[in-house]
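Below is one structure; the comments refer to it alone.
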Amino acid sequence: MSEKRGDRPSFSERKPKLLGRAVGFYSAMFKVALGRSEVAADPKDARFRDRAWLNNPFYRRVLQAYLVTCEAVEAMIPEDLPIEKKARAELVAAIATSAIAPTNTLLGNPAALARTIESGGGNLVRGLKAFVTDVAKNGGMPRQVDDSSFEVGRNLAITPGKVVLRTKMFELIHYAPATESVKAIPVLLVPPQIGRYYFTDLAPGRSFAEYTVAQGLQYFAISWRNPSEEERDFGLDDYAAAAREALDAVLEITGQERANLVGFCAGGILSAIVAASLGASDEAKVNSLTLCVTMLDFDTDASLGAFRFPALLKLAKAKSDKKGVLPGSELHKIFTWMRPNDLVWNYWVNNYLMGEPPPAFDILAWNKDSTNLAARLHSDFLELFESNHLVRPGDFHLRGNPINLAAITCDTFAVGAITDHITPWKACYQSQTHLRGDTVFALSNGGHIAALVNPPGNAKAFHWIAPAAAETADAWHQEAEKRSGSWWESWTAWCAQRSGPRVPAARSLGSMKFAPLADAPGSYVRL
């Protein structure tokens, strides 16, 4: 990714453009001052929905000056920068421009100012208390959620099931069937090793697990242990071996030779590695593969490229090596600052200026319930991220054996999310082109997690779907069918077609070899 100095224009060559941009900036500001500017905020930008931004001459000028400044900052980023340098520059620009938004201040926020007058300053008193609490207990970040009403096992992760296997790395949950008969070939969920599995089993009506068993599929899920310093050596090899152990247990319990493997996010990377490993050894244990918001090819125009900076990667690795883990709180901050408007300043205004408590929302409660990343796995992910050798046949090795994603020849269902800032959908589409089976790609509304927690019944839900036959994501999008409703519906129908005949549902969970150990959601989810 290195570049020669001669590959880019010199300062003297760029100077006319810089001068032109400076003149344009001052000209635009002059129009703002005279009230002649036509610059307007995006109607979707919730920060500027108050009518004062349109009707009040002072606030209209403040808004336009801010927008002109944002455009000027963005224009300073050279178009010919390499992808990763451009991503870093865009991330820094986004953080800077979001921080200077007038809405972050009391006088610059007409809604907050009106609230202050109405409440006699009560909102600011509440906001100050919240700020002091967050400085003391939340690392100085504004709280995103009121999680006091949520509890795992009480109103989260309550789909009936049993823990049928417990190892030092995971618990395997066998969910109770919800229909008289089920499809013979089971489904095994491999969740991300970052975060707790129960975002797939939130409140009733919003649970992927609940919906899956309701469609007559036999459903199992891995619940990873939250690693501490003692588990610092949990690496990608170990997680792959654990996933294979869980897969073998599922096959023994159901009496089947193959299972449908479902991987979400980083769990999708692991699932693809396992499927490729099994394919290379002619062990046809993976009947179909589902990859949700999963990037396998990191050499793409994605926001994560901003973090592919050698010094930053070295520092991150050294930090986790020293502690034994990368704390979940630090991971949470990294992902938060990738969307500063939505995940930082939105709550700054709500909590501190408006004096309102943060919302009580199950996804955000799960997001706060973060987990650590073992030092060895962190190192393995950084190597994948930096070298991108998973997509180069034979460059990546699992326990000494070369891995080739082309060994995955089973049918695949891949899911991307329209507003995903972590694994952009075009990068997810590009990743599946390294597989060799027939692939269907679905593009869901929502972001990285909201797209996955997408139960049927939401009138606003939609997705595009089509075979992933086009060479590019844009070409695929032009031909794809847009469907109303959740991708869950399309996936369960697709999976059911590949799950064999219907058989009577099991009367008891587990088997003689894998007897139930505890009720779902188990104990690891609480560690």
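The values are calculated or read from the model by the stated rules, or taken from the named source; none is laboratory data. Everything numeric here is computed off the predicted structure, so don't read it as measured data. Heads up, the Cβs are rebuilt from the backbone with ideal geometry, glycines too, and the neighbour counts pull from every protein chain shown. To get the accessible areas, we keep the full protein, side chains included, count just its heavy atoms, and leave off ligands, DNA and RNA. Shrake-Rupley method; radii C 1.70, N 1.55, O 1.52, S 1.80 Å.
Structural remarks
- Any chance ALA94 is open to solvent by less than 70 Å² (accessible area, probe 1.4 Å), under 21 Å from MET338 (Cβ atoms) and at pLDDT 90 or above: yes
- Each residue in region 417-432 was checked for being touching a residue at least 40 places away in the same chain (Cβ under 8 Å), touching a strand residue (DSSP E or B) at 6+ places or on another chain (Cβ under 9 Å) and open to solvent by 50 Å² or more (accessible area, probe 1.4 Å), and 1 of them qualify.
- Residue among ALA178, ALA203 that alone is farther than 19 Å from VAL274 by Cβ, modelled with pLDDT of 95 or more, in contact with a helix residue (DSSP H, G or I) (Cβ under 9 Å, 6 or more places away or on another chain) and part of a loop (DSSP other than H, G, I, E, B): ALA178
- Checked against (1) surrounded by fewer than 17 Cβ atoms within 10 Å (Cβ to Cβ); (2) within 20 Å of the chain's Cα centre (by Cα); (3) in a strand (DSSP E or B), ALA450 passes all but a single condition, namely (3).
- Count - residues of region 459-505 that are basic (Lys, Arg) and surrounded by 15 or more Cβ atoms within 10 Å (Cβ to Cβ): 2
- A count restricted to region 15-46 and to residues that are in contact with a Pro (Cβ under 9 Å, 6 or more places away or on another chain) and open to solvent by 60 Å² or more (accessible area, probe 1.4 Å) stands at 1.
- Unmet requirement for ALA469, which otherwise passes all of (1) under 27 Å from SER431 (Cβ atoms); (2) in contact (Cβ under 8 Å) with a residue 24 or more places away in the chain; (3) part of a loop (DSSP other than H, G, I, E, B): (2)
- The set of residues in region 392-420 being within 21 Å of the chain's Cα centre (by Cα) and in a helix (DSSP H, G or I) is empty.
- Selected residue (criterion: surrounded by the most Cβ atoms within 10 Å (Cβ to Cβ)) from residues of region 506-520 that are under 19 Å from ASP201 (Cβ atoms) and in contact with a strand residue (DSSP E or B) (Cβ under 6 Å, 6 or more places away or on another chain): ALA520
- Subset tally (residues that are charged (D, E, K, R), in a loop (DSSP other than H, G, I, E, B) and either in contact (Cβ under 8 Å) with a residue 60 or more places away in the chain or more than 13 Å from LYS368 (Cα to Cα) (or both)) for region 128-167: 4
- Members of region 199-231 that are open to solvent by 10 Å² or more (accessible area, probe 1.4 Å) and at positive phi: GLY205
- Inter-residue pairs, beta-carbon under 6 Å, first closer than 13 Å to ARG60 by Cα and in region 26-40, second part of a helix (DSSP H, G or I) and open to solvent by 100 Å² or more (accessible area, probe 1.4 Å), 6+ apart: SER37/LYS31
- Residue check for LYS183: touching a residue at least 40 places away in the same chain (Cβ under 8 Å), open to solvent by less than 50 Å² (accessible area, probe 1.4 Å) and of a type in the set (D, E, K, R): yes
- Each residue in region 62-87 was checked for being part of a helix (DSSP H, G or I) and open to solvent by 80 Å² or more (accessible area, probe 1.4 Å), and 4 of them qualify.
- Any hit, region 362-372, residues being in contact with a strand residue (DSSP E or B) (Cβ under 6 Å, 6 or more places away or on another chain), open to solvent by 30 Å² or more (accessible area, probe 1.4 Å) and outside any strand (DSSP E or B): yes
- Pair list, Cβ under 7 Å, 6 or more apart: region 42-54 residue farther than 14 Å from ASN341 by Cα, other residue at pLDDT 95 or above and of a type in the set (Lys, Arg): TRP53/ARG60; LEU54/ARG60
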